[in-house]
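Every number in this text was worked out from the coordinates using simple rules, so none of it is lab data. Keep in mind the model is a prediction, meaning the values are calculated, not measured. Cβ sites come from the backbone with ideal geometry, for glycine too, and all protein chains shown count toward neighbours.
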Amino acid sequence: MTSILACSDLHAGYQKRPVVRGLNLEAAPGEIVALLGANGAGKTTSLLTMAGLLPPVGGTVTVAGKPVNHNRPYLAARSGLALVPDDKCLFTTLSVAQNISFGRRGKAALSEALSYFPALEKRVRLPAGVLSGGEQQMLALARALVAGPKVMLIDELSMGLAPVIVQDILGVVRRIADDKGTAVVLVEQHVEMALRIADRAVVLAHGDVVLEESASVLREDPGRLRQGYFGRTA
């Protein structure tokens, strides 16, 4: 299947100093790629560069064959990229419905989002700031979903959440990929949970790709994954 997202020899970092080197990552429609690694491995930097919020130090990022415009991040969003950052970036004084409307206005868009996140249905008029952590994460995903993205980049959706809630939300991410044909790049600290819903995994260590394998293989061979986290592969 043809990839919708492609990073080719991507070097990502700050002030022209790479912290990620030579990242080659592709995601096809409906595919979930887990981008894994220890803290400081370069996962968030990679996502921010894919999303057009950081200029690449080298290499390219394309969506549907077209380069992502890093000088104007809003054009990256228009090309079909949606970033769900680890801090959610919600407008806490605005209602759930108003937050979703920033992705796309209209009752149809709201209904679609609530069909994936029914827990938000009775809270659409409440300010986002009064929601629980899990509900806020659902809202951040719903806002990205209604934009109709070709690619969703999700950074640490489990941060501060109970594992049972994380498991439920990750299940919804799998449904979105399957139903919508959305490609997903998922950065997640709950590695076992991520591998349950992912198709493939890419492991970074100190900014370098040290392992790329199908999620099913890594579920069966956790020792190989542990070696990857330390920068060694079997």
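A few points about this structure:
- Packing around the peptides 165-174, 147-156, taken as the average count of other Cβ atoms within 10 Å per residue, puts them in this order, highest first: 147-156, 165-174.
- Listed cross-link partners LYS43/LYS122; LYS88/LYS122; LYS16/LYS66; LYS16/LYS180 are compared with a 26 Å cut-off, the Cα-Cα value being larger for LYS43/LYS122; LYS16/LYS180.
- Euclidean distance of C-alpha centroids, segment 75-95 and segment 107-152, integer Å: 12 Å
- Using C-alpha pairs below 8 Å separated by at least 6 residues, the relative contact order for the chain is 26 percent.
- Near the amide H of GLY58, within less than 5 Å, lie the amide hydrogens of HIS11, all on another chain or at least 5 residues away, with H placed in the peptide plane.
- Here the chain is assigned +1 on the Cβ of each Lys and Arg and -1 on the Cβ of each Asp and Glu. Its dipole about the Cα centre then comes out at about 740 debye.
- Hypothetical label at LEU94: residues of segment 125-148 whose amide nitrogen lies under 19 Å (7 Å Cα-Cβ projection): 125-132, 135-148
- Relative contact order of segment 97-181, pairs being alpha-carbon contacts under 8 Å that are 6 or more residues apart, as %: 34 percent
- Size of electric dipole in segment 95-234: Cβ of Lys, Arg +1 and of Asp, Glu -1, about Cα centre, debye, nearest 20: 560 debye
- Helix-only arithmetic for the chain: the sum of -39500 (n - 2.57) across DSSP H runs with n ≥ 4, divided by the residue total, places the mean residue ellipticity at 222 nm at -10000 deg cm²/dmol.
- Across segment 74-82, rounded Karplus estimates of 3J(HN,Hα) from the backbone phi angles (6.51 cos²θ - 1.76 cosθ + 1.60, θ = phi - 60°) give 5, 6, 5, 5, 5, 6, x, 9, 10 Hz, Gly and Pro being marked x.
- Rg/Rg_ref, the chain, where Rg_ref = 2.2 N^0.38 Å and atoms are Cα: 0.98
- Cα pair distances exceeding 13 angstrom across segment 88-148, given as percent: 50 percent
- In straight-distance terms, cross-link reach from LYS150 covers every one of the aspartates and glutamates whose alpha-carbon lies under 14 Å from its own, apart from those fewer than eight places away in the same chain; here that gives GLU26, GLU31, ASP178, ASP179.
- Ranking ALA97, LEU139, THR62 by how far each Cα lies toward the positive end of the dipole of segment 1-157 (charges on Cβ) leaves ALA97 at the top.
- One chain, two ends: LEU126 and LYS66. Fully extended at 0.36 nm per residue, the span grows by 17.7 nm beyond their Cα-Cα distance.
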